[in-house]
Amino acid sequence: MRRLLLTAVAATTGVLALAACGSTQPAADGSTHTSKKITLTDATGARVTLDGPAKKVVSTEWFVTEDLASLGVKQAGAADVKGYRQYDSAVPLPNTPKDIGTRGEPSMDTVASLAPDLIIATTDLSSSAIAQLKKVAPVLELRSANAADQIGQMRKNLDTIARATGRTPEATALEKKFDSTLADGRKRLSDAGLDGTDVAFADGYVASNQVTIRPFTSGSLFGTINGKLGLKNAWTVKGDKDYGLASTDVEGLTKLGKDTRFVYGRGADNPFDGALRKNSVWKSLPFVKAGHLSTVKNGIWSFGGYGSSMSYVGALVDALVK
């Protein structure tokens, strides 16, 4: 799980539109289409043509699985269904898709047995895996994160998935609900006098008795959401270009200000509820001594879509407004 998180996937997507029967015309977004066929341009620049809205869809990554579930699509297959239900329970599946294997290594035989009309993947998959999947069905590759514009990327992905599956009205409604959730959350924080509060969100793990902490910088999805809520990101470290994540140890936490509100994900192996409890550096941190520690509930996928993001907003605001 940690390996997958640390080698998170990325891909950008194009868009599609519909036109009159027997003719094609350019759409405002540059895509083309006919009344029967749907043509999309994916993250790699490849054009993907469908005979119509996809009905039997297979996803190889959890944010895609989440988006499909949020739109009410009963997908034929999905990667690591058990793991999804554990780590992304904020958006329950509307059915029980066939498990196609891990997110990094889908079973080609299983995918082929489902006879899908669309496979939605991400560019972390090897070129050889993508090539094999393309022998089964059209493959649409998406970019799952973009530190320069996380919410914009999330919107592009949802819109593309919605158009590919004929669920654009559902996507529009979900986006409006997200915007409303942000506005309500910001108001609650402002009313509580927390506007501009320094917040540092992180998760972490323990390997070989060493604690690794991952700061979610302002370029991360949750860091971006914090900014939209009127909060200030307390991390000064630089994150990666896709997920906006950094890496530090407990000593790195000494750079956080004394008024910082430290928020962490409560995974099974998180060090904040375990290994760090007896650590002298951790116990001496001003925000720890002040009790400025909060957690968000399990099942909110840090790299998910609108459903996870709205669950995060609710959990964060509830944790800060006590």
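Summary of computed values
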read-out: Residue exposure sequence - 266, 277 - by fewest surrounding Cβ within 10 Å; value: 277, 266
read-out: Pairwise label distance in nanometres, residue 132 with residue 281, each label 7 Å out on the Cα-Cβ vector; value: 4.2
read-out: Solvent-free Debye scattering, log10 I(q)/I(0), computed from the Cα coordinates of the range 34-169 at q = 0.14 Å⁻¹; value: -0.57
read-out: Cβ-Cβ FRET estimate between residue 95 and residue 208, R0 fixed at 41 Å, reported to 0.05; value: 0.55
read-out: The chain: antiparallel DSSP beta bridges as a percent of all, rounded to 5; value: 45
read-out: Segment residue 86-residue 49, extension gain: residue separation times 0.36 nm, minus the distance between their alpha carbons; value: 9.9 nm
read-out: Rounded to whole Hz, the Karplus (6.51, -1.76, 1.60) HN-Hα couplings of the range 70-81, x for glycine and proline; value: 4, 8, x, 7, 8, 6, 6, x, 8, 7, 6, 4
read-out: Model label zone, residue 249; criterion: amide N under 11 Å from point 7 Å along Cα-to-beta-carbon; scope the range 202-230; value: 210-213
read-out: Extended-chain gain in nm, criterion 0.36 nm per residue less alpha-carbon gap, residue 56 and residue 183; value: 42.1 nm
read-out: Under 21 Å from residue 322, Cα to Cα: lysines that are on another chain or at least 8 residues apart; value: 187, 228, 232, 258, 289, 297
read-out: Quotient of C-alpha Rg and 2.2 N^0.38 Å, computed over the chain; value: 1.05
read-out: The range 97-151 versus the range 242-267: alpha-carbon centroid distance in Å; value: 32
read-out: Kirkwood Rh and Cα Rg combined as Rg over Rh, evaluated for the range 183-320; value: 0.94
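Just so you know, all these numbers are worked out from the coordinates, no wet-lab data involved. It should be emphasised that the depicted structure is a prediction, and the values quoted were computed from it without experimental measurement. Using ideal geometry, Cβ is built from the backbone for each residue, glycine included, and neighbour counts are taken over all protein chains shown.
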